[in-house]
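Trainee: Okay, handing you the structure first.
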Amino acid sequence: NRAILKSGEQTVTIRMYPFGDILQKDFGDDRPYMSTLYGGSGVQATVLKVNNWKNYPATEDEHLVKTYQTEGFDTNEFPGADLPYYEFSFTFTAEVPYEYEGWSNGIDLREIDSTILRKKIWDYFKGNQKQYEEKNINEIVNINYDMALRNGATQYKNKEQLNGLWEEYNKEINIKDKEFQPLKDYELAFYGGGRIATFKHRSGLDIDSRLRGEPAQYFLYRNEQGRLRARFLGIYLFMPKDKYNGKEEDIELEMIK
């Protein structure tokens, strides 16, 4: 629900990637390495509506909104066979008891010169890293609070859970010995009809499988048991229309609300 700002038509885009060496890891080296999608590939996506969300999932009050299957799902005639990836979209109509402006008032960042946009995003990421390293909790909360509050509300968290947002950020910021990793192996990604932009790790097979598709900015740390863990920081940026003067070099990206 966090990607739904209000009731109405929603567009979902899914990109499928090959197995790579997953079958080998699970079933042995005699299984093939799959660098392309095979003919029997397919995806089935189901959208459900829950009326009594306060008791979900204890309740069985679910209603089917839409089921979507990729072409050739039942016949093994997948149109993306032998491709390195396959992308498709479908729409459905959502009914939600809330409405947020969110990023809907943003400009289409796909129309901005990519060199300028990449530099703006890079600078934002580095500034965000500095805030974490300096443990500037007030600034981090101010930047993220609107997005976190909206995410919590759209997922129907109660008042107590919403009031705990500051404590959650405080706990994350005070993790000891954070080791931010270099920004590399990432790609520029757009969401929300081009109104949202970020860096994320590539999803191809030529990258560490633990990073595939994850946010580009992350740090390593050790938990209470001494085990090495990674914390990915999702940074999704937009540029409000009412703050844009039409000059690309003057763009000041903000965290989505």
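The values are calculated or read from the model by the stated rules, or taken from the named source; none is laboratory data. Not measured: the values here are computed from a predicted model. Cβ coordinates were reconstructed from backbone atoms using ideal geometry, including for glycine residues, and neighbour counts include every protein chain displayed. Remember, those area values only see protein heavy atoms, side chains included, never the ligands or the DNA or RNA. Shrake-Rupley method; radii C 1.70, N 1.55, O 1.52, S 1.80 Å.
Trainee: Could you tell me how many of the residues in region 157-210 are of a type in the set (Ser, Thr, Tyr) and over 26 Å from Leu5 (Cβ atoms)? Before you say what the answer is, go through the steps one by one.
Mentor: First, the residues of region 157-210 that are of a type in the set (Ser, Thr, Tyr): 169, 186, 191, 198, 203, 209.
Subsequent filtering for residues that are over 26 Å from Leu5 (Cβ atoms) retains 186, 209.
Residues that pass the stated criteria total 2.
Trainee: Related question: What are the residues in region 211-254 that are among the aromatic types (Phe, Trp, Tyr) and in a loop (DSSP other than H, G, I, E, B), if any?
Mentor: Looking only at region 211-254, we keep the residues that are among the aromatic types (Phe, Trp, Tyr), and these are 218-219, 221, 232, 236, 238, 244.
Scanning region 211-254 gives Tyr236, Tyr244.
Trainee: OK, next. Write out, first by first residue and then by second, each pair whose Cβ atoms fall under 6 Å of each other, whose residues are 6+ apart or on separate chains, and whose first residue, in region 31-53, is over 12 Å from Pro79 (Cβ atoms) and free of Cβ contacts under 8 Å to residues at least 60 places away in the same chain while the second is among the hydroxyl-bearing types (Ser, Thr, Tyr) and open to solvent by 40 Å² or more (accessible area, probe 1.4 Å).
Mentor: Pairs that qualify, where the first residue is over 12 Å from Pro79 (Cβ atoms) and free of Cβ contacts under 8 Å to residues at least 60 places away in the same chain and the partner is among the hydroxyl-bearing types (Ser, Thr, Tyr) and open to solvent by 40 Å² or more (accessible area, probe 1.4 Å), are Ala45/Tyr68; Thr46/Thr67; Val50/Tyr56.
Trainee: Please work out which one of (1) under 18 Å from Asn151 (Cβ atoms); (2) buried (at least 16 other Cβ atoms within 10 Å of the Cβ); (3) within 14 Å of the chain's Cα centre (by Cα) is the condition Phe232 fails and give its number.
Mentor: Result: Phe232 passes all but (2).
Trainee: Are any of the residues in region 242-249 more than 24 Å from Gly102 (Cα to Cα) and free of Cβ contacts under 8 Å to residues at least 40 places away in the same chain?
Mentor: no
Trainee: Looking at Ser35, Ser41, which is the one that is open to solvent by less than 60 Å² (accessible area, probe 1.4 Å), over 23 Å from the mean Cα position of the chain (by Cα) and modelled with pLDDT under 95?
Mentor: Answer to the selection: Ser41.
Trainee: Of the residues Ile112, Ile143, Ile107, Ile137, which is out of contact with any Lys or Arg (no Cβ under 9 Å at 6 or more places or on another chain), of a type in the set (Val, Ile, Thr) and in contact (Cβ under 8 Å) with a residue 60 or more places away in the chain?
Mentor: Step by step, each of Ile112, Ile143, Ile107, Ile137 is checked, and only Ile143 is out of contact with any Lys or Arg (no Cβ under 9 Å at 6 or more places or on another chain), of a type in the set (Val, Ile, Thr) and in contact (Cβ under 8 Å) with a residue 60 or more places away in the chain.
Trainee: Right, something else. Which residue, of Ile196, Ile173, Ile251, is touching a helix residue (DSSP H, G or I) at 6+ places or on another chain (Cβ under 6 Å), at pLDDT 90 or above and among the aliphatic types (A, V, I, L, M)?
Mentor: The unique qualifying residue is Ile251.
So that you can scan it fast, the table gives a plain yes or no per residue for (1) closer than 30 Å to Leu233 by Cβ; (2) in contact with a helix residue (DSSP H, G or I) (Cβ under 9 Å, 6 or more places away or on another chain):
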{"position": "Thr75", "(1), (2)": "no, no"}
{"position": "Gly80", "(1), (2)": "no, no"}
{"position": "Leu83", "(1), (2)": "no, no"}
{"position": "Thr93", "(1), (2)": "no, no"}
{"position": "Tyr98", "(1), (2)": "yes, yes"}
{"position": "Thr115", "(1), (2)": "yes, no"}
{"position": "Lys126", "(1), (2)": "yes, no"}
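Trainee: Please go through region 1-31 and give me each residue that is part of a strand (DSSP E or B) and either among the hydrophobic types (A, V, I, L, M, F, W, C) or surrounded by 16 or more Cβ atoms within 10 Å (Cβ to Cβ) (or both), ordered by number.
Mentor: Here is the first cut: in region 1-31, the ones part of a strand (DSSP E or B) are 8-16, 20.
Within region 1-31, Gln10, Val12, Ile14, Met16, Gly20 meet the criteria.
Trainee: Here are some residues: Gly72, Gly102. Which one is over 18 Å from the mean Cα position of the chain (by Cα), farther than 25 Å from Asp185 by Cβ and outside any helix (DSSP H, G or I)?
Mentor: Gly72 is the lone residue from the list that is over 18 Å from the mean Cα position of the chain (by Cα), farther than 25 Å from Asp185 by Cβ and outside any helix (DSSP H, G or I).
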